[in-house]
Amino acid sequence: MHARLNPVASPTFSEFARHLIAADRSLANSTLPRSVQELVKLRASQINGCGFCTDMHAKDAVHAGESWERLNLVASWREATVFTDAERAALELAEQGTRVADAAGGVTDAAWENAALHYDEEQLAALVATISLINAFNRGNLIIRQPAGGYRAGRHA
């Protein structure tokens with residue numbers, strides 16, 4: 001499989017991607033734990049069917065110290081015993097924020113209030129930004145059919 005568009009060769013797409021990457025780097029300075037950011041990015045990428053981002057965030061999470069056991073259970077986090085209540089709240093918010101077309105009301109008040117029990121306002125802001133950003137990355141990669149499997153951990157860190 002080959003990408004429909006070379007994102008590096010296109011000045012327009014390359015500039016756009018640089019801004020998205022800069023936005024992602026700004027989240028590294030937030031107080032939202034990196035492990036939560038990677039779990040959320042992985043789950044949204046799974047939902048969206050973005051193989052490139054699923055590959056990338058699984059590898060980056062392992063590189064940052066996350067276990068394969070937990071990563072293997074992200075898709076079934078509701079049944080898994082390896083996630084904290086705070087991580088579960090973030091994963092629920094990520095799922096609802098990714099599946100906005102599936103629910104007329106978007107993100108429920110219950111999901112937001114649960115996340116607010118575990119994260120302060122700045123962490124919630126970072127969580128919303130992380131969910132929004134990964135969805136933008138997913139959509140771009142899906143449209144151009146960016147192939148998955150060749151990502152090296154830490155390449156975009």
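Read-outs: derived from the displayed coordinates by stated rules, not from any lab. This structure is a prediction, so every number in the text was calculated from the model and none was measured. Here Cβ is always computed from backbone atoms with ideal geometry, including for glycine, and neighbour counts include all displayed protein chains.
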Quote the relative contact order of the chain in percent (integer), defining contacts as alpha-carbon pairs under 8 Å separated by 6+ residues.
39 percent
How much length, in nm to one decimal, is gained on full extension between residue 14 and residue 67, taken as 0.36 nm per residue of separation minus their Cα-Cα distance?
15.8 nm
Computed lengthening from residue 113 to residue 21, 0.36 nm per intervening residue step minus Cα-Cα distance:
30.2 nm
From the backbone phi of region 8-20, what are the Karplus-calculated ³J(HN,Hα) couplings (6.51 cos²θ - 1.76 cosθ + 1.60, θ = phi - 60°) in whole Hz, Gly and Pro given as x?
7, 7, 8, x, 5, 5, 4, 5, 4, 4, 4, 5, 5
What span do the alpha-carbon atoms of the chain cover on each of the three principal axes, reported in whole Å from largest to smallest?
45, 33, 30
With a cut-off of at most 12 other beta carbons within 10 Å, and DSSP calling the residue loop, which trypsin sites (Lys or Arg not before Pro) in region 1-99 qualify? Please list them.
4, 78
At most 15 other Cβ within 10 Å, DSSP loop - GluC sites (Glu not before Pro), region 14-111
79
Among 105, 97, 140, residue whose mean-square fluctuation peaks in a GNM of the chain (springs only between Cα atoms under 10 Å)
105
What shape does region 22-72 have by the C-alpha gyration tensor, where a ≥ b ≥ c are the square roots of the eigenvalues, rounded means a/c under 1.5, and otherwise prolate means a/b greater than b/c and oblate the rest?
oblate
For region 119-137 versus region 1-43, the gap between their alpha-carbon centres in whole angstrom
13 Å
